[in-house]
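Inspection log for the structure reproduced underneath, given as structure tokens.
Bear in mind these aren't lab numbers, they're just calculated from the coordinates by the rules spelled out. Remember, it's a predicted structure, so these values are computed and weren't measured experimentally. Glycine gets a Cβ as well: all are built from the backbone with ideal geometry, and neighbour counts include every protein chain shown.
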Amino acid sequence: MSTKSFTIPKMACGNCFNIIKNALTKVNGVNGIVCDLSSRTVSVEFDETLTSDTAVSDKLSKIGFPAEINR
């Protein structure tokens, strides 16, 4: 398992997070998602044998929430 944090500037409210959470739970290998609205970040736990931080970032962009991977 790996956990990566993503900064999502367009995430402004709980509804935004629900949209993000619903999309990311459909990504094969994603196991957990934690949101921090105050810093506009989402931490995603995933199985790196099934997906990657780049795939998660790509999914976020496709749903209208471009993200920066925090290294």
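Here the chain is treated with +1 on each Lys and Arg Cβ and -1 on each Asp and Glu Cβ, and its dipole about the Cα centre works out to around 260 debye. By the Stokes-Einstein formula, at 0.890 mPa s and 25 °C, the chain with its Kirkwood radius over alpha-carbon pairs has D equal to 210 µm²/s. Spin-label model, Lys10/Asn31: points 7 Å from Cα along the beta carbon direction are separated by 3.0 nm.
Projecting the Cα atoms of Val27, Thr41, Cys13 onto the charge dipole of the chain (Cβ charges, centred on the Cα centre) puts Cys13 farthest toward the positive pole.
Among Asp53, Asp58, the ranking by other beta carbons within 10 Å of each residue's beta carbon, starting with the fewest, stands as Asp58, Asp53. The long axis of helix 14-24 is offset from the longest Cα principal axis of the chain by roughly 20 degrees. In terms of surrounding Cβ atoms within a 10 Å radius of their Cβ, Ser52, Ser39, Ser57 rank from fewest to most as Ser39, Ser52, Ser57. Taking a sphere under 15 Å around the Cβ of Leu37 and counting the other residues whose Cβ falls inside, with K and R at +1 and D and E at -1, yields a net charge of +2. Give me the angle, in degrees from 0 to 90, between the Cα long axis of helix 53-62 and the longest principal axis of the Cα atoms of the chain, rounded to the nearest 10. On a 0 to 90 degree scale, this one is about 40.
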